[in-house]
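As structure tokens, the structure follows; a few thoughts come after it.
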Amino acid sequence: MLKPAIPDILERVLTNGVPLVQSSREMIYSHIKEFGDHFSSIENSMLLIKAISTIHKHNNEDDITLLGLGTSLYNDCATAWLLMMQGFYQMSFMPQRHMLECSILFEFFSMERSAIQAWKKAIYSTRRGLLSDALRKVKDRLRIKEHPIEATHALLCDMNVHPTYRGIALMLGDPHGNLHLGPYVEQIPLQNGLTWLARISSYATKQLVKAYGEENLKNANEDFGIAYSKFNSWLSKWLKLYRDFPSFGALRNEGHDL
């Protein structure tokens, strides 16, 4: 019995994706100076997340929960990269927003270890508010009014995740208002997406390390200390060249009504 054929419109999505990825590759190779720093940051993050997830011994329920979230980080990073290379720039920010939300949880768990199991066992009626509660508690502990990633999270929600006109306007392909129906390849959106992915993946990785405990990871595997030192050394250089997370004030000055 023959299997049902993939509908033509879905098959075209698959077949059209191959030349788009190749076009993205060619664009990257011809502008390697603009892209190279971001690739190094993303690579360092993914390698460190992979090392923590596959080398570190997970001996208790807290570690297993962190393992699941860490695996999610790796998959989010890989998914964002694939979507960019295929020309789905706006959609590539959805997994990046998820990485920011995981980061908030990691930071909260590093401050309050008992919160890991509370988060794991929460029922639906309380689970929906746990992320905002975690952010509020982190800000209280740090005695700050605005968290460094708070404005970026709001920006991604408004421009790339929630249905807003400002988000739809990102898909306007030219001054005449023609929409991009499907993926397309363009240098500036790709470069912008990679810059954000470098910034977000690096931050999320640092928060994952904090949740496990840097000393715990070093004691469990001597190679971790070397890898983490390399990660921090490169990140320090990257942050000197490219800005860190913008504040609400900075984004408002750029015209965002957040």
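The values are calculated or read from the model by the stated rules, or taken from the named source; none is laboratory data. Being a predicted model, the structure only gives us computed values, none of them experimental. Cβ: placed from backbone, ideal geometry, glycine included. Neighbour counts: every protein chain shown.
Details
- Taking the stretch 67-178 as the region of interest, none of the helices (runs of 4 or more DSSP H) fully inside it holds 3 or more residues being touching a Pro at 6+ places or on another chain (Cβ under 7 Å) and of a type in the set (S, T, Y).
- The set of residues in the stretch 111-135 that are within 24 Å of Q96 (Cα to Cα), at pLDDT 90 or above and charged (D, E, K, R) comprises K120, D133.
- Residues located in the stretch 1-47, provided they are exposed (fewer than 10 other Cβ atoms within 10 Å of the Cβ) and assigned to a loop (DSSP other than H, G, I, E, B): M1, L2, K3, P4, A5, P7
- Residue among K50, K33, K57 that alone is closer than 17 Å to N192 by Cα and of a type in the set (K, R): K33
- Single unsatisfied condition, L194 versus (1) under 20 Å from the mean Cα position of the chain (by Cα); (2) surrounded by fewer than 20 Cβ atoms within 10 Å (Cβ to Cβ); (3) not β-branched (V, I, T): (2)
- Of the criteria (1) at pLDDT 85 or above; (2) loosely packed, with under 13 Cβ neighbours inside 10 Å, which one V138 fails: (2)
- Residue selected from the stretch 239-249 under the condition at pLDDT below 95, assigned to a helix (DSSP H, G or I) and not basic (K, R), by the criterion farthest from S202 (Cα to Cα): L241
- Within the stretch 74-105, the set of residues being touching a Phe, Trp or Tyr at 6+ places or on another chain (Cβ under 9 Å) and either over 20 Å from L190 (Cα atoms) or among the polar types (S, T, N, Q) (or both) comprises S92, Q96, S103, L105.
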